[in-house]
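Student: One structure follows; several queries about it will come next.
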Amino acid sequence: QVQLVESGGGLVQAGGSLRLSCAASGRTASGYAMGWFRQAPGAQRELVAGITSGGSINYADSVKGRFTISRDNAKNTVYLQMNSLKPEDTAIYYCAADARFLSRWSASGMDYWGKGTLVTVSS
């Protein structure tokens, strides 16, 4: 079992930055694929960024060039640096883990989820 706890959300003006953190506990997550997903009101949960255990990275087109995912295996933590935020980035952001990368970044295939952190971007 892996427990995931997100932090770093909040209210920011458009053009601003936030850094989300996802701390894993229970088992080391260094061998897991880790992803950040988000869900806006009335919308489906979507992948924002993912990083495999080998360091391969995938971004949603809407965040390329603005968001950066990284992981610190020594700290069992994954980060999402979000720059140039837009109002349409407003959502609950969730951290998720996939033990064997069978999900291929599909939300339904992720094994573990955090409870989420709210990001609100004002115009």
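The values are calculated or read from the model by the stated rules, or taken from the named source; none is laboratory data. What you are looking at is a predicted structure, and each value in this text was computed from that prediction instead of being measured. Here Cβ is always computed from backbone atoms with ideal geometry, including for glycine, and neighbour counts include all displayed protein chains. We work out accessible area using only protein heavy atoms, side chains counted, and drop any ligands, DNA or RNA first. Shrake-Rupley method; radii C 1.70, N 1.55, O 1.52, S 1.80 Å.
Student: Ignoring ligands, DNA and RNA, what percent of the 1.4 Å accessible area of the chain is carbon and sulfur?
Tutor: About 47 percent, which is the carbon plus sulfur part of the accessible surface.
Student: Order R100, R19 by their accessible area, 1.4 angstrom probe, all chains in place, largest first.
Tutor: So the residues, ranked largest to smallest area, are R100, R19.
Student: Where a Cα-Cα gap under 25 Å defines reach, which lysines qualify for K86, not counting those fewer than 8 residues away within the same chain?
Tutor: Cross-link targets: K64, K115.
Student: Extending each Cα 7 Å along its Cβ direction at A40 and N73, get the distance between those two points in nm, one decimal.
Tutor: Result: 3.6 nm between the two label points.
Student: Just order 37-44, 115-122 by mean Cβ neighbour count inside 10 Å, highest at the front, would you? Mind showing how you got there, number by number?
Tutor: Numbers: 37-44: 13.1, 115-122: 16.4.
Put in order of decreasing packing, that is 115-122, 37-44.
Student: What does the accessible area per residue of the chain come to in Å², with a 1.4 Å probe and no ligands, DNA or RNA counted?
Tutor: Per-residue value: 50 Å².
Student: Heavy atoms only, 1.4 Å probe, whole protein assembly: order D98, D111 by accessible area, highest first.
Tutor: Result of the area sort, largest leading: D111, D98.
Student: Could you work out the relative contact order of the chain? I mean the mean sequence separation of Cα pairs under 8 Å and 6+ apart, divided by the number of residues, in percent.
Tutor: Taking the mean separation of contacting Cα pairs over the length of the chain, I get 36 percent.
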